[in-house]
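Please read the structure below before turning to the comments.
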Amino acid sequence: MAVALKLEKMISEQAVADIEHWRKKYPVERKRPPILAALHIIQKENNNSLNEPLMQALADYLDVPHIAVYEVATFYSMYHTKPVGKTVISVCTNLSCMLCGSKNIVTHLEKRLNIRLGETTEDGAFTLKEVECMAACGGAPMLEVKEEFHENLTTEKVDHILAELGVDEDE
Ligand code: FES
């Protein structure tokens with residue numbers, strides 16, 4: 001059986017201190033609330049993504065069942081449980097967005113970035129991620145990038161967003 005690595009050996013001292021900061025905000029018996037913040041801290045340290053050993057080490061560190069960490073990491077689209085590019089473009093394809101044309105938006109993004117949904121550009125700059133409803137249905141179709149929501153998307157708006165991200169027209 002593989003020996004689980006200790007979180008302290010896998011992330012920086014500062015990151016451990018930041019997780020401790022969050023842990024101390026809650027009563028000792030409330031072990032799960034710091035999971036959200038801790039995953040953010042770990043993801044930031046690990047090239048914008050999480051992996052199984054890190055999630056297991058975090059669960060051991062917080063003394064919670066491993067599944068408690070997996071549930072959070074896989075529920076929220078802001079966590080990436082697979083390696084991703086430097087910038088993740090999250091496109092909602094759930095019902096409202098689908099009815100309002102997310103398929104066209106996805107097709108346009110795929111063409112512009114020359115990747116399929118779920119893939120990362122060759123230079124590691126962008127990942128195109130399909131996400132579930134992000135609670136912005138009133139502005140469907142929508143996407144999120146760099147923690148900013150862009151709503152009522154059209155292909156022209158997508159081009160504008162890509163230009164702001166430094167993607168040239170001929171890429
Ligand atoms: S269905 Fe896309 S934000 Fe709700």
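Read-outs throughout are calculated quantities, based only on the coordinates presented, and are distinct from any laboratory measurement. Since we're looking at a predicted model, the values are computed, not measured. We place every Cβ from the backbone using ideal geometry, glycine too, and count neighbours over all the protein chains shown.
Among the listed pairs 44/86; 24/82; 31/86; 129/157; 31/82; 82/146, give every one whose C-alpha distance is greater than 20 Å.
24/82; 31/86; 31/82
If the chain linking residue 76 and residue 119 were pulled fully straight, counting 0.36 nm for each residue of separation and taking away their Cα-Cα distance, it would gain 13.6 nm. Computed from the Cβ-Cβ distance with R0 of 35 Å, the FRET efficiency linking residue 169 to residue 20 stands at 0.15. Taking Cα atoms, how many degrees apart are the long axis of helix 52-62 and the longest axis of the chain, rounded to 10 and kept between 0 and 90? So the helix axis and the longest Cα principal axis differ by about 50 degrees.
For the pair residue 30 and residue 60, the difference between a 0.36 nm per residue extended length and the Cα-Cα distance amounts to 9.3 nm.
By how many nm would the segment from residue 86 to residue 132 lengthen if fully extended, with 0.36 nm per residue of separation less the alpha-carbon distance? Could the numbers behind the result be given before it?
Values: separation 46, 0.36 × 46 = 16.56 nm, distance 2.09 nm.
So the chain would gain 14.5 nm between residue 86 and residue 132.
If you place +1 on the Cβ of every Lys and Arg and -1 on the Cβ of every Asp and Glu, how big does the dipole about the Cα centre of segment 113-171 come out, in debye to the nearest 20? Dipole of segment 113-171, to the nearest 20 debye: 300 debye.
About its Cα centre, the chain has a charge dipole of approximately 720 debye under the convention of +1 per Lys or Arg Cβ and -1 per Asp or Glu Cβ, with nothing else charged. Taking the chain, the Cys residues with no second Cys beta-carbon under 4.7 angstrom are 100, 133, 137.
Percent antiparallel among DSSP beta bridges with both residues in the chain, to the nearest 5? DSSP beta bridges in the chain are roughly 55 percent antiparallel. Here residue 160 and residue 52 are evaluated by their C-beta separation; at R0 = 41 Å the FRET efficiency comes out at 0.60. The separation of segment 86-100 from segment 118-135, counted between C-alpha centres, amounts to 10 Å.
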